[in-house]
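Just so it is clear, none of the values below were taken in a lab; they were calculated from the coordinates. If you're wondering where the values come from, they're calculated on a predicted model, not measured in any experiment. Glycine gets a Cβ as well: all are built from the backbone with ideal geometry, and neighbour counts include every protein chain shown.
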Amino acid sequence: MDRFRMIFQYFQSNSESVMNGICGLLALASVKIYTCFDFSCPCLPQYNMAYGLGIMLVPPIALFLCGLILNRQSLVMLEEWRRPQGCRKKDLAVIRYMCSSIMQRAMVAPVVWIIVTLLDGKCLICAFSGSVDPEKFVGFANASPVQVQQLLAKVPCKDDELMRNNTSRKAVSRYLRCWSQALGWSILLILIVAAFLARWLRPCFNQATLLQARHWSNYIDIEQKIFEETCCEHSRLFAHKCILHFFKSMQQEIKLHSFSLPREGEGTEGEEDLLRGITGQDQVNKLLKMWYYEKPPLDVSQVTQR
Amino acid sequence: MDKFRMIFQFLQSNQESFMNGICGIMALASAQMYSVFDFNCPCLPGYNLAYGLGILLVPPFILFLLGFVLNNNVSMLAEEWRRPQGQRGKDRAVLRYMFCSMAQRAMIAPVVWVSVTLLDGKCITCAFCTAVPVETLGNASHPGLPQGEMKRVLARIPCKEIYDGQELIANEVAIRYLRCISQALGWCFVLLMTTLAFLVRSLRPCFTQAAFLKSRYWSHYIDIERKLFDETCAEHARSFAKVCIQQFFEGMSTDLAAARCHPPRKAPADAGEATEKLLGITDQGTMNMALKSWHRCKPPLHLHPPALPSGNGWAGEGQPPAHPPMPRRETAAYYSRV
């Protein structure tokens, strides 16, 4: 539990860490969704390609958009981009830096999905089984073109009655899976090399500008958080004063309407009077009714000026 | 348990986090409910469509309403909407902001249910199995059947054990076809929802940021004000009850002493705190009377200025004071006839 708490605190320590955490969670979620998803190729000539490529490409787009939505910094960046200039200049380098860091983080989950899909192979087998050259495989060489298309389309479905005992099916399947995995590993290698180069070569170009952009993007983020916290605190104090003022004005109103004895206990005025002068059932009812029917105005200037 | 407590504390740290937490829990609950639910297609021509679409659409509606019910802010919104204007103007933008943020959170669980249902495929397979294109997918050699008979056969596609139309159209072919359509619909739905969410979130800073900041501040304010008012009332009720009960015990003690025709017992000045807390009731008989009286005849909800000061000595010895010299507890300093 201690370790978990430490990890949790580390991730909360700054907003970049939180973004990295969300990015990692989304990548794990992407793998989990793929394993839970029940891939079922239609095994029909016109539908295979659409289904296979659709499963490979549509979820990454949704994951990318999710990555942008869940990232708080994207809102901060948009606000900074669209705000009127006012008294504070806008620095496009900062906005560009924020944009690129958001995009990089949002790209992780879609890339994970595509790579997992390719390494698994089902999508490519489904999409391209109809495009394989039938001459290369014994079982499909001696059939009419229409029949060949039908048979090839059924290759991804192992349990289909036509395909159950077909050895050429396994050959086509292996062939396509080999291509798919080769493609998957190549993409992974290219991406890792690109990331490696980007990280190594970055200090050679514009390091000072980068440090400035990073500092100011953190600053904008922190400033917004603190503004929100200050607003929350302010509204709490405002509400507190408003309610106290309301109770006091009720107390005064009751005093005005009553044939009261001379006010005794002047010495107790310094003490906290929690009852605030409201000491009967009907007075309490009146107070609650007033609270609903006539909420006090949002103006505590008399209270604060005392 | 420590892990849960930490997560709980993090979520409670502010109101929005808490609502996001509830929203996430409902989404997970919705996915779990679907996996636990035992889907049973009726496999009858008239009923399949109703059952399939019913399972697809009715639980999301229930989950949406549940999302509103579990949201504490619904009553706050209703109160703010219906209150008379009084001295405080009403801002429609604040009401709209509150409603939109509640509706967005309530939409998540239904969207999860619909997505999971479509991606799983059982509902669409059940609902639309009679609409499978037999001409393209079926065995061309099979002689045509009358319409009603065809529908009866096709309706049994989801129920593999009783399916008797294997010559007409292979069961696996039909199910694969329907499931493919269902999953395509599912992913398109997911993409559409994420695109909508993205647009809603990203267009706001571009157009209405200032109005948004204002609405957000005042909606938080209304929430905090309501909570603080409840806390203040609870504090007041506590003090009220304390004083009411103190006065009851004192009244009891005085009445009984008067009935026994001797002056009320006075505590010696150095008796200490414990004696003061006894509130003048010091024997079994008196206590029993007090308890009986509390049950039979509760005191009115009306606090008197204290007739007897607290037990540390008298102002006027031997005479019941008409006006209290100096109230020593949290009591009203005047007597109101409102």
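Within straight cross-link reach of A:K158, meaning Cα distance under 16 Å, which lysines are found once same-chain residues fewer than 8 apart are removed?
A:K122, A:K170
Run lengths n ≥ 4 of DSSP H only: what is the helix-derived mean residue ellipticity at 222 nm for chain A, with -39500 (n - 2.57) per run over all residues, to the nearest 500? Don't skip to the end; give the middle numbers.
Details: 12 runs with 222 residues, N = 306.
Taken over chain A, the calculation gives -24500 deg cm²/dmol.
Plugging the Kirkwood radius over Cα pairs into Stokes-Einstein for segment B:200-264, at a temperature of 10 °C and a viscosity of 1.306 mPa s, what D comes out in µm²/s? Can you show the working numbers first?
On the way: Rh = 16.6 Å.
D = 96 µm²/s.
Would you kindly give the portion of the calculated P(r) for segment B:19-208 that falls above 27 Å, as a percent of all Cα pairs? Numbers along the way, then the final one.
Working: 8329 of 17955 pairs.
Counting pairs separated by more than 27 Å, the tail of P(r) holds 46 percent.
Short version: what are the Cα gyration tensor semi-axes of chain A, square root of 5 times each eigenvalue, largest first, in whole Å? Could the numbers behind the result be given before it?
Values: eigenvalues 938, 165, 54 Å².
Sorted largest first and rounded, they come to 68, 29, 16 Å.
So what is the diffusion coefficient of segment B:12-118 in µm² per second by Stokes-Einstein at 25 °C and 0.890 mPa s, using a Kirkwood Rh over Cα pairs? Display every interim value, and only then the final one.
Values: Rh = 15.9 Å.
Estimated via Stokes-Einstein, D reaches 154 µm²/s.
Along the charge dipole of segment B:19-208, pointing to its positive end and built from +1/-1 on Cβ of Lys, Arg, Asp and Glu, which listed residue (B:A131, B:G24, B:G46) has its Cα farthest out?
B:G24
In percent, what relative contact order does chain A have, based on Cα pairs under 8 Å that are 6 or more apart in sequence?
Details: 235 pairs, mean separation 56.4, N = 306.
Here the relative contact order equals 18 percent.
About its Cα centre, how strong a charge dipole does segment A:1-208 have in debye, to the nearest 20, once Lys and Arg get +1 and Asp and Glu get -1 at the Cβ? Let's see the in-between values first.
Working: 22 positive and 12 negative charges, 122 e Å.
Dipole of segment A:1-208, to the nearest 20 debye: 580 debye.
Roughly how big is the protein assembly as shown's charge dipole about its Cα centre, with Cβ charges of +1 (Lys, Arg) and -1 (Asp, Glu), in debye to the nearest 20?
Details: 68 positive and 53 negative charges, 196 e Å.
Computed about the Cα centre, the dipole is about 940 debye.
Ignoring solvent entirely, what values of log10 I(q)/I(0) come out of the Debye formula for the protein assembly as shown at 0.06, 0.08, 0.11 Å⁻¹ when each Cα is a single scatterer?
Result of the Debye calculation: -0.59, -0.84, -1.18.
Have a look at A:K248, A:K225, A:K122 and tell me which one the Gaussian network model of chain A (Cα, springs below 10 Å) gives the largest fluctuation.
Result: A:K248 has the largest fluctuation of those listed.
Using the Cβ atoms and a cut-off under 15 Å, what net charge is assigned to the surroundings of B:Y163, where Lys and Arg are +1 and Asp and Glu are -1? Each step should come with its number before you reach the end.
On the way: positive: B:K151, B:R152, B:R156, B:K160, B:R176; negative: A:E161, B:E149, B:E161, B:D164, B:E167, B:E172.
That sum, taken over residues with Cβ under 15 Å, equals -1.
In segment A:38-91, what trypsin sites (Lys or Arg not before Pro) fall in a loop by DSSP, with at most 14 other Cβ atoms inside 10 Å? Please report the intermediate quantities before stating the final value.
Numbers: sites: A:R72, A:R82, A:R88, A:K89, A:K90; in loops: A:R88, A:K89, A:K90.
Counting only loop positions with at most 14 other Cβ atoms within 10 Å, the trypsin sites (Lys or Arg not before Pro) in segment A:38-91 are A:R88, A:K89, A:K90.
Which Cys residues of chain A have no other Cys Cβ less than 4.7 Å away and so no disulfide-compatible partner by this rule?
A:C23, A:C36, A:C66, A:C87, A:C99, A:C123, A:C178, A:C204, A:C231, A:C232, A:C242
With +1 assigned to the C-beta of every Lys and Arg and -1 to the C-beta of every Asp and Glu, and no other charges, what is the dipole magnitude of segment B:23-148 about the Cα centre in debye, to the nearest 20? Each step should come with its number before you reach the end.
Details: 8 positive and 6 negative charges, 146 e Å.
Magnitude of the dipole: close to 700 debye.
Taking the alpha-carbon distance from B:K242 and a cut-off under 16 Å, which lysines remain once sequence neighbours fewer than 8 residues away in the same chain are dropped?
Cα-Cα hits under 16 Å: B:K277, B:K298.
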